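The values are calculated or read from the model by the stated rules, or taken from the named source; none is laboratory data. Remember, it's a predicted structure, so these values are computed and weren't measured experimentally. Using ideal geometry, Cβ is built from the backbone for each residue, glycine included, and neighbour counts are taken over all protein chains shown. Heavy atoms of the whole protein, side chains included, go into the accessibility calculation; ligands, DNA and RNA do not. Shrake-Rupley method; radii C 1.70, N 1.55, O 1.52, S 1.80 Å.
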Amino acid sequence: QVQLVESGGGLVQPGGSLRLSCVASGSRISIYTMGWYRQAPGKQRELVATITSLGSPNYLDSVKGRFTISRDNAKNTVYLQMNSLEPEDTAVYYCNRNPRPYVDWGQGTQVTVSS
């Protein structure tokens, strides 16, 4: 049973930066592609970025050039560096496997971009 714990969110002004972390326990995630997802109020959850087991990233068009996904397999952790944040990035951010996400999602971490 994998447990995913996200952290690092907060309130930031437009143009600011945050670094999110996702620590997995209960199973090694190093062999899987992992992703960061987000869900804004009233909207469906969307996939923001993915990273393969070998470190190859892929991004949603709207975050390309602003977000960077990375992973530390030794720490069973995935990161999301978010720069030049925009109000449209406001959402709860989650990490999970992609594809075939684990059934049990973490609690997520709230990111609010507002002046």
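Mind checking which strands (runs of 3 or more DSSP E) fall wholly inside segment 28-115 and carry at least 3 residues that are crowded, with 16+ Cβ neighbours inside 10 Å? Can you show your working first?
Numbers: elements: 34-39, 46-51, 57-59, 67-72, 77-82, 91-97, 109-113.
Those strands (runs of 3 or more DSSP E) span 34-39, 46-51, 67-72, 77-82, 91-97, 109-113.
Tally the residues that are touching an Asp or Glu at 6+ places or on another chain (Cβ under 8 Å) and either part of a strand (DSSP E or B) or within 14 Å of Cys95 (Cβ to Cβ) (or both), restricting the search to segment 1-22.
6
Looking at Asp61, is it of a type in the set (D, E, K, R) and at pLDDT 95 or above? Even if it seems obvious, please write down each step before you answer.
Details: of a type in the set (D, E, K, R): yes; at pLDDT 95 or above: yes.
Criteria met by Asp61.
Please go through segment 10-39 and give me each residue that is more than 14 Å from the chain's Cα centre (by Cα) and farther than 25 Å from Ser115 by Cβ, ordered by number.
If the condition is that a residue be more than 14 Å from the chain's Cα centre (by Cα) and farther than 25 Å from Ser115 by Cβ, then Ser25, Gly26, Ser27, Arg28, Ile29, Ser30, Ile31, Tyr32 are the ones that fit.
Within the group Thr77, Thr90, Thr50, Thr109, which residue is without any contact (Cβ under 8 Å) to a residue 60 or more places away in the chain and closer than 14 Å to Glu6 by Cβ?
Numbers: Thr90 fails: closer than 14 Å to Glu6 by Cβ; Thr50 fails: closer than 14 Å to Glu6 by Cβ; Thr109 fails: without any contact (Cβ under 8 Å) to a residue 60 or more places away in the chain.
Exactly one residue qualifies, and that residue is Thr77.
How about segment 10-24: which of its residues are among the small types (Gly, Ala, Ser) and either out of contact with any strand residue (DSSP E or B) (no Cβ under 9 Å at 6 or more places or on another chain) or open to solvent by 30 Å² or more (accessible area, probe 1.4 Å) (or both)?
Gly15, Ser17
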